[in-house]
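Below is one structure, written out as structure tokens; comments come after it.
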Amino acid sequence: MITIERPAPETEAAVQLLEVQVKEPASALQRLPALRSRIRPRLTKLGSRISGTGLVATLLFTMGGSGGVFNSGVPLSLQARAVALHQEWAGMRADGIPELDLATLEQEWSFTQATQFLGVAAIFWWPGANEVLDRWQARASTIWSRDMSLYRAGAVAANQNLHQALGTEPMEQLKFRLDAISSAKTPGEYTTLRSNWDLEARLVPIDRKIAAATGALSKQALQAKGLGIRGDPAADVLVRAEAYSQMDAQDRIGRAEFLTRDLATAQAGLQSRLDAAVIAQDAFNRVAHGIELASLYGIDLSSYQTRIEANRAFYAVATTAAEFNRITADLNLIRAAADNAIYTKMNATHIVSGVTFIYQNRSLSCEEAATSMALTHQGINLSQDQILAELGADRRRMYVDSSNRVRWGNPYQTFVGSVDGSESNYTGYGTFYPPLVRIAQAHGGKILAYGNMSAGTIYAHLIAGHPVVVFATWDWAWHPRHDYLSFDGQWIPWIGPVHASHVYTAVGYSPTAILVNDPLRGQYWVAKASFEAAYSDFNEAIVFA
């Protein structure tokens, strides 16, 4: 039997608490008939509208009492015990037992106390009244045991539901909840655990949604910072989201809806600005590229630079998508102007003047002759023989290694083979742009660009008035490459031994053809398609001022 141990009040004090004002009879013997007349049994349910005296009689009748009123027992002691039980029920309610579970006991208490004799409930003057109190105590103990089991089961179920909702959780966290169940001593404590854990389980999907939104907004904020967006609205919301993560369940459930809404609003607003800012940044890049490309064609667009800088200043203080869009629109106008200027240039014929034609004087000195020609545009006269002398040569014979790879010299460092040799029989190849750039610069030549570049870049430089030394094929056609491995381990572009490479000085541009100085065959126009096919085998050139 489960009982609740609480200090019982003093008997005399308990009696005083329950004393009611009654009309004092002439004598106890005169009062007894009246008392007996009022205690007639009525077989009705407890809780129906019956008189207090009727309930007293009913209780005595059901416990089988008999005999005189004063035959045994100590009424004052029974009244004190009844008061102690009633206080125990109050403690049970304080510990979480529902009012409804104790309603029947409370109703019986009220009815028994409604009629008193000498400050003691009338029922306690009858023999066998002690059995009523025993029954009250037994019923209270049963209610306590039942509710403890019920509410503990509720807490255990809530813990399991929360664990399932979380999916995976630290063992320490699960152990904390299990320890809380073991430590609970009252139905109220189990109810609190169940309520908290039910709320936590309800919050799991909400918290995950908020965490995901917070993570996404954090990434957006970093992107906004990288793009230089001012007035970022994410900072305040992210501070609130961090505070939310530290709150208990009750505080979180009260703020979750508002925080979720504000996160979504901040994400949508910031994303619209991010999208507009990215487009604006792309417009800045496109206009910069357009102006750079125009400068290759010799087009002066410096008058637009002031507008571009003004747009950069506007971008630095823009706070709405509309402001970014206005910047983009103006930049697109500038890029359109650059494209139009380039288009006009490309639809005209341009000849680079001041380039002296020079024939090559050795079998494989085409690149040296082309370099000599390009330097004359700057008033520099450097002969093929001087260039060859400064180049030096790697005259080691080629060989095929155990992996069936051709091994030969490195034209990116020096002249490979004999200048009087031939690619077809591996007696000579030539040199590429790095040694030629080094020698030209050593003699005061100004080089604007060199190395890998597109055919379009070559056209731009020709339109701008700059001669270009171009590495291509002999027959102006594309051929499969058969690159070989140099002695020092670098792969070398090569179309031999069947097909030969050749080096030209490009000196003119038209919408359909390129004017070249061919050190062997003279000056002529070659169709752009043929030029691009032949050039694509190597894609290397040197642009001279």
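Looking at (1) under 25 Å from the mean Cα position of the chain (by Cα); (2) loosely packed, with under 15 Cβ neighbours inside 10 Å, which is the one condition that is false for residue 306? Of everything listed in (1) under 25 Å from the mean Cα position of the chain (by Cα); (2) loosely packed, with under 15 Cβ neighbours inside 10 Å, residue 306 misses just condition (1).
Considering 397, 362, which residue is in a loop (DSSP other than H, G, I, E, B) and either out of contact with any strand residue (DSSP E or B) (no Cβ under 9 Å at 6 or more places or on another chain) or among the small types (Gly, Ala, Ser) (or both)? So that I can check it myself, show each step before the final result.
Working: 397 fails: either out of contact with any strand residue (DSSP E or B) (no Cβ under 9 Å at 6 or more places or on another chain) or among the small types (Gly, Ala, Ser) (or both).
Going through 397, 362 in turn, just one is in a loop (DSSP other than H, G, I, E, B) and either out of contact with any strand residue (DSSP E or B) (no Cβ under 9 Å at 6 or more places or on another chain) or among the small types (Gly, Ala, Ser) (or both): 362.
Under the condition of being touching a residue at least 24 places away in the same chain (Cβ under 8 Å), within 30 Å of residue 279 (Cβ to Cβ) and within 19 Å of the chain's Cα centre (by Cα), the residues counted in segment 230-251 number 6.
Taking the criterion of being closer than 16 Å to residue 207 by Cβ and not in a helix (DSSP H, G or I), the residues of segment 218-256 that qualify are 246, 247, 248. Just one of the listed residues (180, 129) is over 31 Å from the mean Cα position of the chain (by Cα), in contact (Cβ under 8 Å) with a residue 40 or more places away in the chain and surrounded by 14 or more Cβ atoms within 10 Å (Cβ to Cβ), and it is 129. State which residue is farthest from residue 356 (Cα to Cα) when the search covers only segment 511-538 and only residues that are crowded, with 17+ Cβ neighbours inside 10 Å and of a type outside the set (A, V, I, L, M, F, W, C). Going through the qualifying residues, I end up with 537. Residues that are over 15 Å from residue 538 (Cα atoms) and part of a helix (DSSP H, G or I) within segment 457-491 comprise 459, 460, 461, 462, 463, listed in sequence order. The lone criterion from (1) part of a helix (DSSP H, G or I); (2) of a type in the set (A, V, I, L, M); (3) without any contact (Cβ under 8 Å) to a residue 24 or more places away in the chain left unmet by residue 291 is number (3).
None of the figures in this text is laboratory data; all of them are computed from the coordinates on show. Note that the structure is predicted; figures quoted are calculated from it, not measured. Please note: Cβ atoms are built from the backbone with ideal geometry, for glycine as well, and neighbour counts cover all protein chains shown.
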